[in-house]
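Step one of this worksheet: look at the structure below.
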Amino acid sequence: MLTFEKAIIKKYWPADDKGEDDLIVRQIVLQVEAEIEDGLQVSELYKNMVRGLNRILIMDNLSGEEYELPAVTIKPFNIKQKKITIGGKGEENAYVKQEYAALTLICRADEDTGATMLAELYRFFHIEVQLTVDEFRAPEKSVGTDRINVESEPE
């Protein structure tokens, strides 16, 4: 499991792709900047990218509200640096370089739930969130629990 304490969803949008037999596959694409704390996070991120499908958990750092994307593909990513200002305003500012991963995440959207997913993601758009990448788990199929009333026969 890999956790980025500070991440920001910069952009997200619906997209279409062609699947098998030229069927249209609805997708949601997210561009995320995740702050990197050490080199181990980069190697774990690479392992998760190569693995294929991942489960992504997004949590608002202020409210603790969570949203789960059950099956996500991590596209090849870039490691970048940006300057962060420390201190007050003016000429006496100190600048620190911060490394972050520029991620592109793609998940499949159902015809029925795609619009709901876009609306749910809006709550986490352009705010600081915690991003957790975990192993993909296939959704469990619910087994019907039909009850049969059997009257016991007298002995």
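Annotations
- When Rg and the Kirkwood Rh are both derived from Cα coordinates, the Rg/Rh ratio for the chain amounts to 1.18.
- Non-local Lys pairs in the chain, i.e. 8 or more apart or on different chains, that have alpha carbons under 13 Å apart: 4
- Among GLU44, GLU68, GLU20, the largest mean-square fluctuation in a Gaussian network model of the chain (Cα springs under 10 Å) belongs to GLU20.
- Tilt relative to the chain, helix 39-51 - C-alpha long axis, 0 to 90 degrees, to 10: 40 degrees
- Cα→Cβ-extended label distance, 7 Å offset, between GLU66 and TYR46, nm: 3.0 nm
- Computed with a 1.4 Å probe over protein heavy atoms only, the accessible surface of the chain comes to 72 Å² per residue.
The values are calculated or read from the model by the stated rules, or taken from the named source; none is laboratory data. Since we're looking at a predicted model, the values are computed, not measured. Cβ coordinates were reconstructed from backbone atoms using ideal geometry, including for glycine residues, and neighbour counts include every protein chain displayed. The area values use the complete protein model at the heavy-atom level, side chains included, leaving out ligands, DNA and RNA. Shrake-Rupley method; radii C 1.70, N 1.55, O 1.52, S 1.80 Å.
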